[in-house]
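What follows is a set of notes on a single structure, which appears directly below.
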Amino acid sequence: MSQPLKLGVAGLGTVGAGLVQLFQEHGARLALVLGREIKIAGVSARARQKPRAIKLEGLPWFDAAEQLAVDPGIDVFVELIGGEEGVARAAVEAALKAGKHVVTANKALLAKHGTELARLAEAHGAALNFEAAVAGGIPVIKTLREALAGNQVRRVYGILNGTCNYILTQMQEEHRAFAEVLKEAQDKGYAEADPTFDIGGFDTAHKLALLTSLAFGTEVALDQIHVEGIQGISQADIEAADDLGYRIKLLGVALLTDSGIEQRVHPAMVPKHSAIAEVSGVTNCIAIDGDFVGNVLLAGPGAGAKATASAVAGDIGDIARGAFAAPFGVPAARLKPYRRARLGQHQGAYYVRLSVFDRPGAMASIAGRMGERGVSLESIVQRRPRWALPGIDARPKPGAPTAVILITHETTEEAIRAALSAIHADGNVSEPPQMIRIEPL
Ligand SMILES: NC(=O)c1ccc[n+]([C@@H]2O[C@H](COP(=O)([O-])OP(=O)(O)OC[C@H]3O[C@@H](n4cnc5c(N)ncnc54)[C@H](OP(=O)(O)O)[C@@H]3O)[C@@H](O)[C@H]2O)c1
């Protein structure tokens, strides 16, 4: 057997403790598979005295992660602290500059500084592996970077945030309101006390930024992503979608177009019998559309101590074998600048929900506004809602608002937005129109 591979593990929280447990349970088997032993040669966390569920006896302790990162006794620095700046960034940079390989689960750090860290890693002949940073236990980075390298990827999209998918699934299955389900998710520990990062779509955007770079060989461009969260999704939308044959999912989508790359995070309608629609609860899934392979769908646990540790261990295994690729597939110096496609030019069909005052001429005016912008309608449904809608009575009186659901044929984002803003300005609706993109699968 070769020399053991020596790890410095910084961060002993959910993922770090999961990793220590994994090596304690599977160390011997892994050594057989890899042909060398993996040894934890040092650990670091914030509070040494903190009671922990894992055994740390005999493991050298480092008060400062930056010190562990450059310690001559380690080959690989495993960063499981988190955060886009501060200790995590400083320690990762120090490790790479010292020629140490780095494995990290830190999507925030990579989404913000991925391109420069990849350059640093390559300049120092070090690996920078981050499988756990996107969709926890699902091996999507390796799939894109290695297994599908022979393809021109056209689109990569997926459900990348378990909290949002849990909330939307509960709203769907239990007919409950967004706020009520969010509160329950917080009580169960699925959602943070401040849920903005998840429900606002930002966590999905971090992961999407990394997938885009891997799929299209472009510099990481987090600040170029169009981001919408799920806060505006009502029970009315969930149930209308169901009636129309759709489910609503928060998707991260990266799409290659003639004018550049679309990167968008938003709630989307997907056909309810599609595989992605059936991904429920906290499960994640990613679909990759490659020109030779066709459509590949990966699904599995997107978070959690064991699933995430599994991905970290896979990255460490690659380093142990000496089989590591450029962090984003192509060498960092060859990553192309990201060219953003204008969202206004996005082509697609749309779901629109309007609260229309039930009075003569209102529907004709709405149809007219759509027509002026060249938006044609596939269906119009006007009826007494079976859902509780703000301001809408189950038995509407003449003149009171009533729910109208429109599905458009394919059009541009610019056209639908212009039509909806004219409809709103005309005063025939009691609240701003709701618009949800229909993602073709
Ligand atoms: N949790 C998941 O399911 C999951 C999934 C995918 C990716 N990730 C990513 O994995 C990383 C870690 O997440 P986590 O959930 O394991 O976080 P966590 O449970 O909050 O653990 C963070 C760890 O970092 C340590 N730490 C904090 N500040 C430090 C400092 N200044 N110096 C050294 N150590 C410090 C903490 O020390 P103490 O223990 O002493 O407080 C703790 O052990 C993050 O980047 C996260 O985005 C997590």
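No lab work stands behind these numbers, since they all come straight from the coordinates. Worth saying up front: this structure is predicted, and the values here are computed from it rather than measured. For neighbour counting, all protein chains shown are included, and Cβ atoms are generated from backbone atoms with ideal geometry for every residue, glycine included.
Summary of computed values
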item	result
FRET efficiency, 1/(1 + (r/R0)^6) with R0 60 Å, evaluated for Ala422 and Ala90 via beta carbons	0.70
All aspartates and glutamates inside 12 Å of Lys207 as judged from Cα atoms, apart from same-chain residues fewer than 8 positions distant	Glu131, Asp198
Against the rule of thumb 2.2 N^0.38 Å, how large the Cα Rg of the chain comes out	1.10
Calculated FRET efficiency for the pair Ala123/Glu228, C-beta based, R₀ 41 Å, to 0.05	0.65
Protection proxy ranking, peptides 355-361, 103-109, average beta carbon neighbours within 10 Å, highest first	103-109, 355-361
Ranking of Leu32, Leu214 by count of other Cβ atoms within 10 Å, fewest first	Leu32, Leu214
Crossing angle, helix 362-372 versus the chain [Cα axis fit, 0-90 degrees, rounded to tens]	60 degrees
Rh (Kirkwood; distinct C-alpha pairs) - segment 68-178, Å	15.9 Å
Peptides ranked, highest mean first, by Cβ atoms within 10 Å: ranges 147-160, 45-58, 180-193	147-160, 180-193, 45-58
FRET efficiency, 1/(1 + (r/R0)^6) with R0 51 Å, evaluated for Ala147 and Ala193 via beta carbons	0.85
Highest to lowest packing among 230-243, 66-79, scored as the average C-beta count within 10 Å	66-79, 230-243
Approximate spin-label separation Ser274-Gln21, in nm, with each point projected 7 Å along Cα-to-Cβ	3.5 nm
In sequence order, calculated HN-Hα J values of segment 252-261 (Karplus, 6.51, -1.76, 1.60; Hz; x Gly/Pro)	x, 10, 10, 10, 7, 10, 5, 9, x, 10
Candidate aspartates and glutamates for bridging to Lys39, where Cα separation is under 17 Å - those fewer than 8 sequence places away on the same chain excluded	Glu25, Glu57, Asp71, Asp75, Glu79, Asp315, Asp318
Degrees separating the helix 305-321 axis from the principal Cα axis of the chain, which is the longest one	50 degrees
